[in-house]
1. Relative to the present Cα-Cα distance, how much length would full extension add between Arg28 and His53 at 0.36 nm per residue of separation?
2. What number, in percent, do you get for the relative contact order of the range 1-80 if the mean sequence gap of Cα pairs under 8 Å and at least 6 apart is divided by its residue count?
3. Please report, to one decimal in angstroms, the Kirkwood hydrodynamic radius of the range 51-119 built from all distinct Cα-Cα pairs.
4. Whole-Hz Karplus ³J(HN,Hα) for the range 9-25, in order, using 6.51 cos²θ - 1.76 cosθ + 1.60 and θ = phi - 60°, x for Gly and Pro?
5. Around Leu49, which amide H atoms from residues at least 5 apart in sequence, or from another chain, sit under 5 Å from its own amide H, with H modelled in the peptide plane?
6. More than 21 angstrom separation, counting every C-alpha pair in the chain; what % is that?
Amino acid sequence: MSRPAAARELPGTFGPRWGKPVGWVLARTLWSVTRSGADNVPDEGPVLLASNHLGFLDGPLLMGMAPRGTHFLVKKEMFTGPLGVVLRGCGQIPVDRTGDRGALVTAVGVLRRGGSVGV
């Protein structure tokens, strides 16, 4: 049973800072990823990053290439086993796609504290 949306805690700011280099290594060593438009992202203040989702590795690659540490909305089914530990550790936000608004409340909280959220 999930907690009410208002009772959820915001993910910490440390997670995206350690997760970003992991994504960067994937993007730069295993794949030849380039980015454009990074100069349009402010260095501080609330930011919502939106990206097309084409495959399983899009999230980690985008996390590594984002100009700043970002909390991404990730389907809750991914938060199991070792991958779930990593996702929680790097500050990702689980989304219950059955209509729970908790992920949106959490994302708004991250934005209100001046953070970056990716969808």
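1. Working: separation 25, 0.36 × 25 = 9.00 nm, distance 1.90 nm.
Extending this stretch completely gives an extra 7.1 nm.
2. On the way: 46 pairs, mean separation 35.1, N = 80.
Taking the mean separation of contacting Cα pairs over the length of the range 1-80, I get 44 percent.
3. On the way: mean 1/r = 0.0802 Å⁻¹.
Taking every pair of different Cα atoms in the range 51-119, averaging 1/r and inverting gives 12.5 Å.
4. 8, 6, x, x, 7, 6, x, x, 6, 8, x, 4, x, 5, x, 5, 4
5. The answer is Val117, Gly118, Val119.
6. On the way: 2409 of 7021 pairs.
So the portion of pairs separated by more than 21 Å is 34 percent.
Each value in this text was obtained by applying a stated rule to the coordinates, not by laboratory testing. No experiment lies behind these values; they were computed from the predicted model shown.
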